[in-house]
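Participant: Have a look at this one before I ask anything.
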Amino acid sequence: MSLFQYRLSELHNMLHSAQVSVSELTEESLSAIARVDGDVHAFLTLNEEGARAAARELDDKLASGASRGLLFGMPAGIKDNIVTKGLRTTCASRFLDNYQPIYDATVAAKLRQADAVTIGKLNMDEFAMGGSNENSAYGAVRNPWDLERVPGGSSGGSAAAVAAGEVFFALGSDTGGSIRQPASYCGVVGLKPTYGLVSRYGLVAFASSLDQIGPLTRTVEDSAYVLQAIAGYDAQDSTSAKVDIPDYLSALTGDIKGLRIAVPKEYLGEGVDASVRETVLSALKVLEELGAVWEEVSLPHTEYAVATYYLLASSEASSNLARFDGVRYGVRVDEGGNLLDLYHNSRSHGFGLEVKRRIMLGTYALSSGYYDAYYLKAQKVRTLIKQDFDEVFKKYDVVIGPTAPTTAFKLGSQTEDPLTMYLNDILTIPVNLAGIPAVSIPCGFAEGLPVGLQIIGKEFDESTVLRVAHAYEQHTDYHKQRPQL
Amino acid sequence: MSITVKDVQHVARLARLHLSPEEEAMFTEQMNSILQYAEKLSGLDTEGVQPTTHVLHVSNVMREDVVKESLSLEEALLNAPEEEDGQFKVPAVLE
């Protein structure tokens with residue numbers, strides 16, 4: 001029987017009672033990758049030797065009776081925009097094809113401290129820009145539920161690796177929905193924490209005011225475990241929040257009696273597939289049966305979120321990606337010209353189309369004469385979007401709706417039309433603009449494809465978000481269903 | 001407002017990108033479409049609204065001025081595409 005049927009807490013107990021060893025868990029993960037990753041293509045770099053060596057060390061540690069970290073022995077995958085010392089980190093870009101980080105991102109160091117085993121680095125949209133994982137310079141990831149469909153993006157490799165049973169959990173990053181949307185398409189749990197809760201030190205920046213690292217897991221309890229291990233203040237990240245970290249696991253009581261749920265009418269309106277809407281309404285019925293009450297509300301500025309996001313995120317991206325110049329790391333294309341030619345040639349050769357498109361859009365929005373009309377205006381609308389949530393949270397504990405308007409679409413079906421692709425993120429983007437936490441959990445299927453339920457909370461109130469998600473999960477079995485590969 | 005190929009060429013220069021004629025034509029069309037969509041923000045009254053640059057209430061802090069180890073020369077140059085005598089090598093800046 002596969003070890004992938006167990007939760008992290010169960011595996012923890014099995015390790016403790018010597019029913020399984022870390023090496024066996026690691027081999028289970030590596031053999032699953034050997035079996036299915038040719039089809040799924042979730043991994044960009046495998047850390048086979050390193051993982052086996054780490055597993056042996058952890059088995060010795062277990063035998064010696066030394067204390068064990070929270071994620072002891074758990075084989076994990078890490079999105080390839082999180083730097084890992086000595087382990088190639090490419091951001092799925094030709095630009096960083098041979099980049100060997102000289103330090104660990106704080107989250108990578110925290111996984112190590114928690115005794116997790118890094119199995120490898122996961123495929124993604126180049127520099128985390130995309131909603132389908134078709135922008136990887138190394139080829140698209142395929143959705144384990146239907147290999148002709150996208151897994152979602154940009155953490156498509158992280159979501160697909162968990163859904164396909166290749167790793168026991170994964171880390172992703174979420175700038176406009178890049179953890180939650182692929183979690184929805186792949187039928188796994190994806191949590192975007194409050195901005196500042198998890199350190200971004202060592203995360204290759206896309207849009208610095210929006211990016212946040214979070215876990216992709218098979219269950220809500222697993223998500224709480226991983227969050228517990230990676231959350232916390234980090235002096236190396238100037239945007240890290242100094243807040244107390246609660247015990248997320250103790251929040252999973254199963255009790256949501258009297259909980260007040262807001263359901264924005266904008267999240268179930270035009271553009272949302274009827275099958276997705278029906279599935280989400282059924283999920284609300286389950287929550288109602290558990291004692292929660294829900295009411296329809298309005299988040300009136302939702303319709304402006306996508307435009308706001310693409311102006312702000314592209315502007316920040318154009319600034320962040322200026323550091324890729326072919327001098328200190330990455331691709332260098334020197335055709336004998338001057339230094340400016342070197343910059344132009346290296347960047348033109350190293351970046352893919354979507355990255356160039358966003359750099360162009362951001363450079364335009366920040367350029368003289370357009371700054372006020374686009375960038376400053378978008379920052380003001382961001383305030384209004386945040387105020388919408390503040391108003392709703394005065395009366396309600398959580399906001400609930402679908403994660404994405406549709407289920408996973410076919411590979412190649414939207415690549416010609418960037419605006420349509422951008423609109424797929426309409427239900428996840430407002431959360432990033434407001435900086436608040438949200439989780440996507442499996443809540444059913446539409447024509448055989450997973451549908452995600454999005455639960456949004458107040459800032460730093462991950463405990464409530466996880467409590468609601470866990471209560472729902474305990475009364476359904478969607479999270480137990482696995483794709484046939 | 002409409003973006004022309006000339007505008008795209010100008011922005012590409014600012015962004016330090018060479019674009020092929022095909023890319024210029026494609027970006028002209030796509031940026032027009034995206035910016036036309038973004039125009040919907042202009043219809044929204046934001047008079048008196050403070051811009052949000054950051055969702056957290058952060059302020060600059062200074063760390064203690066304590067001497068600590070920095071990267072070694074080898075580490076700093078590990079990923080350099082070209083180096084010489086312990087420095088990043090670039091084409092001549094001055095003629």
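The values are calculated or read from the model by the stated rules, or taken from the named source; none is laboratory data. All figures in this text were calculated on a predicted structure; none of them were measured in a lab. With ideal geometry, Cβ positions are generated from the backbone for all residues, glycine too; neighbour counts draw on all protein chains shown. Heavy atoms of the whole protein, side chains included, go into the accessibility calculation; ligands, DNA and RNA do not. Shrake-Rupley method; radii C 1.70, N 1.55, O 1.52, S 1.80 Å.
Participant: So B:Leu44 clears everything in (1) within 30 Å of A:Thr420 (Cβ to Cβ); (2) within 23 Å of the chain's Cα centre (by Cα) except one condition, right? Which one?
Facilitator: Single failed check for B:Leu44: (2).
Participant: To continue, here is another question. Please verify whether the range A:189-199 includes one or more residues that are in a loop (DSSP other than H, G, I, E, B) and among the aromatic types (Phe, Trp, Tyr).
Facilitator: yes
Participant: Given the criteria without any contact (Cβ under 8 Å) to a residue 24 or more places away in the chain and within 14 Å of chain B (Cβ to nearest Cβ), does A:Thr420 qualify?
Facilitator: It is true that A:Thr420 is without any contact (Cβ under 8 Å) to a residue 24 or more places away in the chain and within 14 Å of chain B (Cβ to nearest Cβ).
Participant: If I ask for residues that are more than 24 Å from the chain's Cα centre (by Cα) and open to solvent by 30 Å² or more (accessible area, probe 1.4 Å), which ones from the range A:378-389 would you list?
Facilitator: Passing the criteria: A:Lys380, A:Gln387.
Participant: Determine whether the range A:401-410 contains at least one residue that is in contact with a helix residue (DSSP H, G or I) (Cβ under 6 Å, 6 or more places away or on another chain) and open to solvent by 10 Å² or more (accessible area, probe 1.4 Å).
Facilitator: No; the residues of the range A:401-410 include none that is in contact with a helix residue (DSSP H, G or I) (Cβ under 6 Å, 6 or more places away or on another chain) and open to solvent by 10 Å² or more (accessible area, probe 1.4 Å).
Participant: Of all residues being of a type in the set (Gly, Ala, Ser) and outside any helix (DSSP H, G or I) in the range A:93-114, which is nearest to the other protein chains (Cβ to nearest Cβ)? Just the residue, please.
Facilitator: A:Ser93
Participant: Restricting to the range A:115-126, count the residues that are part of a loop (DSSP other than H, G, I, E, B) and open to solvent by less than 10 Å² (accessible area, probe 1.4 Å).
Facilitator: 3
Participant: Against the definition (more than 22 Å from A:Tyr248 (Cβ to Cβ), touching a residue at least 40 places away in the same chain (Cβ under 8 Å) and open to solvent by less than 10 Å² (accessible area, probe 1.4 Å)), how does A:Ala183 come out, yes or no?
Facilitator: no
Participant: Starting from residues that are at negative phi and open to solvent by 30 Å² or more (accessible area, probe 1.4 Å), keep the ones in the range B:12-24 and report whichever is farthest from the other protein chains (Cβ to nearest Cβ).
Facilitator: Ranking the qualifying residues of the range B:12-24, first place goes to B:Pro21.
Participant: Of the residues in the range A:293-335, how many are facing another protein chain (nearest Cβ under 10 Å), more than 22 Å from the chain's Cα centre (by Cα) and small (Gly, Ala, Ser)?
Facilitator: Final tally of qualifying residues: 3.
Participant: Say whether the condition of being free of Cβ contacts under 8 Å to residues at least 40 places away in the same chain, open to solvent by less than 60 Å² (accessible area, probe 1.4 Å) and part of a helix (DSSP H, G or I) is met by at least one residue in the range B:49-71.
Facilitator: Within the range B:49-71 (the criterion being free of Cβ contacts under 8 Å to residues at least 40 places away in the same chain, open to solvent by less than 60 Å² (accessible area, probe 1.4 Å) and part of a helix (DSSP H, G or I)), the answer is no, since none of the residues qualifies.
Participant: Suppose we filter A:Ala109, A:Ala170 for residues that are surrounded by fewer than 24 Cβ atoms within 10 Å (Cβ to Cβ), hydrophobic (A, V, I, L, M, F, W, C) and closer than 19 Å to A:Val226 by Cβ; which single one remains?
Facilitator: It is A:Ala109.
Participant: Turning to a different aspect of this structure: Hey, can you tell me all the residues within the range A:238-251 that are touching a helix residue (DSSP H, G or I) at 6+ places or on another chain (Cβ under 7 Å) and either charged (D, E, K, R) or surrounded by 20 or more Cβ atoms within 10 Å (Cβ to Cβ) (or both)?
Facilitator: A:Tyr248, the sole residue that qualifies.
Participant: Go through the range A:239-288 and report how many residues are hydrophobic (A, V, I, L, M, F, W, C), assigned to a loop (DSSP other than H, G, I, E, B) and touching a strand residue (DSSP E or B) at 6+ places or on another chain (Cβ under 8 Å).
Facilitator: Result for the range A:239-288: 4.
Participant: State whether the residues of the range A:127-144 include one that is buried (at least 24 other Cβ atoms within 10 Å of the Cβ) and in a strand (DSSP E or B).
Facilitator: Yes: the range A:127-144 contains one or more residues that are buried (at least 24 other Cβ atoms within 10 Å of the Cβ) and in a strand (DSSP E or B).
Participant: Looking only at the range A:350-391, filter to residues that are part of a helix (DSSP H, G or I) and small (Gly, Ala, Ser); which one of those is farthest from B:Glu22 (Cα to Cα)?
Facilitator: A:Ala378
Residues checked against (1) within 20 Å of B:Arg16 (Cα to Cα); (2) of a type in the set (Gly, Ala, Ser):
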site: A:Val306; (1), (2): no, no
site: A:Ala313; (1), (2): yes, yes
site: A:Leu321; (1), (2): yes, no
site: A:Tyr329; (1), (2): yes, no
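Participant: Would you pick out the residues in the range B:25-48 that are buried (at least 16 other Cβ atoms within 10 Å of the Cβ) and assigned to a helix (DSSP H, G or I)?
Facilitator: Across the range B:25-48, the qualifying residues are B:Met26, B:Phe27, B:Thr28, B:Gln30, B:Met31, B:Asn32, B:Ile34, B:Leu35, B:Ala38, B:Leu41.
Participant: Right, next: Determine which single condition A:Gly131 fails, assuming it passes every other condition in (1) modelled with pLDDT of 95 or more; (2) within 18 Å of the chain's Cα centre (by Cα).
Facilitator: (1)
Participant: Moving on to the next point. Looking at the range A:358-369, which of its residues are at the interface with chain B (Cβ under 7 Å from one of its Cβ atoms) and either of a type in the set (Gly, Ala, Ser) or open to solvent by 20 Å² or more (accessible area, probe 1.4 Å) (or both)?
Facilitator: Once the filter is applied, which keeps residues that are at the interface with chain B (Cβ under 7 Å from one of its Cβ atoms) and either of a type in the set (Gly, Ala, Ser) or open to solvent by 20 Å² or more (accessible area, probe 1.4 Å) (or both), the range A:358-369 yields A:Thr363, A:Ser367.
Rundown of residues vs (1) free of Cβ contacts under 8 Å to residues at least 12 places away in the same chain; (2) among the acidic types (Asp, Glu); (3) more than 28 Å from A:Phe324 (Cβ to Cβ), yes/no style:
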| position | (1), (2), (3) |
| --- | --- |
| A:Val40 | no, no, yes |
| A:Ala66 | yes, no, yes |
| A:Phe72 | no, no, yes |
| A:Lys85 | no, no, no |
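Participant: Can you tell me how many residues in the range A:392-412 are assigned to a loop (DSSP other than H, G, I, E, B), more than 19 Å from the chain's Cα centre (by Cα) and on the phi < 0 side of the Ramachandran plot?
Facilitator: Residues flagged as assigned to a loop (DSSP other than H, G, I, E, B), more than 19 Å from the chain's Cα centre (by Cα) and on the phi < 0 side of the Ramachandran plot within the range A:392-412 amount to 6.
Participant: For the range B:72-90, which residues satisfy the criterion of being open to solvent by less than 100 Å² (accessible area, probe 1.4 Å), part of a loop (DSSP other than H, G, I, E, B) and more than 8 Å from chain A (Cβ to nearest Cβ)?
Facilitator: Hits for the range B:72-90 are B:Ser72, B:Gly86, B:Lys89.
Participant: For A:Ala66, which of the numbered conditions (1) outside any loop (DSSP other than H, G, I, E, B); (2) over 15 Å from A:Tyr138 (Cα atoms) fails to hold?
Facilitator: Evaluating A:Ala66 over (1) outside any loop (DSSP other than H, G, I, E, B); (2) over 15 Å from A:Tyr138 (Cα atoms) leaves (1) as the failure.
Participant: Right, another one. In the range A:70-122, what residues are closer than 20 Å to A:Arg56 by Cα and small (Gly, Ala, Ser)?
Facilitator: Answer for the range A:70-122, where residues must be closer than 20 Å to A:Arg56 by Cα and small (Gly, Ala, Ser): A:Gly73, A:Ala76, A:Gly77, A:Gly86, A:Ala108, A:Ala109, A:Ala114, A:Ala116, A:Gly120.
Participant: If you scan the range A:427-455, which residues turn out to be within 14 Å of another protein chain (Cβ to nearest Cβ) and of a type in the set (A, V, I, L, M)?
Facilitator: Those that are within 14 Å of another protein chain (Cβ to nearest Cβ) and of a type in the set (A, V, I, L, M): A:Ile429, A:Val431, A:Leu433, A:Ala434, A:Ile436, A:Ala438.
Participant: Would you tally the residues in the range A:1-29 being under 22 Å from the mean Cα position of the chain (by Cα) and hydrophobic (A, V, I, L, M, F, W, C)?
Facilitator: 2
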